[in-house]
Amino acid sequence: HTTCWGKLSERDTHLKLFVSHAVADKELATRFVDLLRLGIGVSHDDVFFSSARGTIRNGDFFVQEILTRLNSADLVIGLLSKSYLTSHFCLAEAGAALARKAAGQCDFFSFVLPPATFSDLDGMLNGVQSGMILDRPALGEMKDRIQSKMTTSWPGSNVWDEKRDDFLAAAQHVVWLYEAKEALAKITVNNYQWKHEPGSQEHPVYVNFKIRINLKNGLPVPIHIESGTWDCGRDGIQEF
């Protein structure tokens with residue numbers, strides 16, 4: 001997403017950040033907020049992150065609190081995952097942030113989380129420049145722009161490098177899991193084969209039918225498949 005950096009109010013010298021994310025991306029969003037705080041030096045109180053424990057108090061109206069925080073943010077950062085792009089609530093947050101940005105009331109920055117791609121950005125997000133969550137230059141651009149608006153001191157470049165690399169390692173693992181989940185949903189198994197072992201009275205066989213299934217994993221991480229029910233869906237399975 002393009003970022004138009006406006007001026008902070010003279011009454012508020014703190015840069016208020018709102019991290020817009022899907023609930024399904026809580027783990028990665030938590031790591032991202034840690035990067036903002038530990039790597040960039042944003043104050044704990046200046047980042048609103050709805051998935052953080054205690055962020056919204058018991059008894060408060062959730063939607064109203066989200067709107068209040070969103071409308072008071074100087075910068076909204078969207079984490080655009082597949083889950084985010086299919087969530088009406090998340091898209092409403094993005095739309096509200098972009099409307100405030102167009103009015104010169106806040107800034108907007110975003111990152112695409114694979115397996116989502118730039119081509120998945122549609123509707124209000126169509127044509128809006130964004131960065132990839134695993135792209136070092138994009139993270140560096142975010143850091144530089146945030147720190148240029150901060151009035152407090154921030155960690156040195158060595159701290160940023162360390163925290164950024166820690167985040168990238170954690171983010172890569174999460175992205176691999178997202179990609180694995182998407183790949184598993186697309187797996188099709190062909191050429192089932194069966195084998196019948198009738199056994200005998202002397203050598204009983206308790207598993208009378210076997211099915212051989214070959215799956216190919218083209219991902220950089222192992223996939224663990226738990227027990228499940230397999231159905232060939234048709235007759236004519238070849239014997240091996």
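Heavy atoms only, probe 1.4 Å: what % of the accessible area of region 100-157 goes to carbon and sulfur, would you let me know?
On the way: 1380 of 2840 Å².
With neighbouring chains kept in place, the figure for region 100-157 is 49 percent.
For a quick check: with amide H placed at 1.01 Å from N, whose amide H comes under 5 Å from Phe108's, ignoring anything fewer than 5 positions away on the same chain?
Under 5 Å from the amide H of Phe108 lie the amide H atoms of Cys4, Val76, each far enough along the sequence or on another chain.
For region 103-112, take each phi angle, set θ = phi - 60°, evaluate the Karplus expression 6.51 cos²θ - 1.76 cosθ + 1.60, and give the result in whole Hz per residue in order, putting x for glycine and proline.
Running phi through 6.51 cos²θ - 1.76 cosθ + 1.60 with θ = phi - 60° gives 8, x, 9, 7, 10, 9, 9, 8, 10, 8 Hz.
Would you mind calculating the gained length between Glu182 and Ser72 on full extension (0.36 nm times residue separation, minus the Cα-Cα distance), in nm to one decimal? Write out the running numbers ahead of the final one.
Values: separation 110, 0.36 × 110 = 39.60 nm, distance 3.61 nm.
Gain on stretching Glu182 to Ser72: 36.0 nm.
Of Ser157, Ser72, which has the most accessible area and how do the rest follow, probe 1.4 Å? Let's see the in-between values first.
Numbers: Ser157 90, Ser72 65 Å².
Correct descending sequence by accessible area is Ser157, Ser72.
Under a Cβ-Cβ cut-off of 14 Å, what is the net charge of the residues other than Leu85 that fall near it, where Lys and Arg count +1 and Asp and Glu count -1? Mind showing how you got there, number by number?
Details: positive: Lys82; negative: Asp25, Glu93, Asp120, Asp122, Glu182.
Summing Lys and Arg as +1 and Asp and Glu as -1 gives -4.
To the nearest 10 Å², what's Ser200's accessible area with a 1.4 Å probe?
Counting only protein heavy atoms, the figure is 50 Å².
Heavy atoms only, 1.4 Å probe, whole protein assembly: order Met142, Met124, Met132 by accessible area, highest first. Could the numbers behind the result be given before it?
Details: Met142 0, Met124 95, Met132 55 Å².
Ranking Met142, Met124, Met132 by accessible area, largest first, yields Met124, Met132, Met142.
Which ³J(HN,Hα) values, rounded to whole Hz and listed in residue order, are derived for region 15-21 from phi using the Karplus coefficients 6.51, -1.76 and 1.60 in 6.51 cos²θ - 1.76 cosθ + 1.60 with θ = phi - 60°, glycine and proline given as x?
7, 8, 10, 10, 9, 8, 8
Do the alpha carbons of any pairs in Lys101/Lys181; Lys26/Lys163; Lys101/Lys163; Lys101/Lys149; Lys16/Lys163 sit beyond 24 Å of each other, and which pairs? Can you show the working numbers first?
Working: Lys101/Lys181 34 Å; Lys26/Lys163 18 Å; Lys101/Lys163 29 Å; Lys101/Lys149 16 Å; Lys16/Lys163 21 Å.
Violating the 24 Å limit, Cα to Cα: Lys101/Lys181; Lys101/Lys163.
When ligands, DNA and RNA are left out and all protein chains stay put, how many square angstrom of accessible area per residue does region 96-175 have with a 1.4 Å probe?
Heavy-atom SASA per residue in region 96-175 reads 48 Å².
Any idea how far apart Ala92 and Thr30 come out in nm if each label point goes 7 Å out from Cα toward Cβ?
Calculated label separation equals 2.6 nm.
The values are calculated or read from the model by the stated rules, or taken from the named source; none is laboratory data. Note that the structure is a prediction, hence the values are computed from the model and not measured. FYI the Cβ positions are ideal-geometry reconstructions off the backbone, even for glycines, and counts take in every protein chain you see. Ligands, DNA and RNA are excluded from the accessible area calculation, which covers all protein heavy atoms including side chains. Shrake-Rupley method; radii C 1.70, N 1.55, O 1.52, S 1.80 Å.
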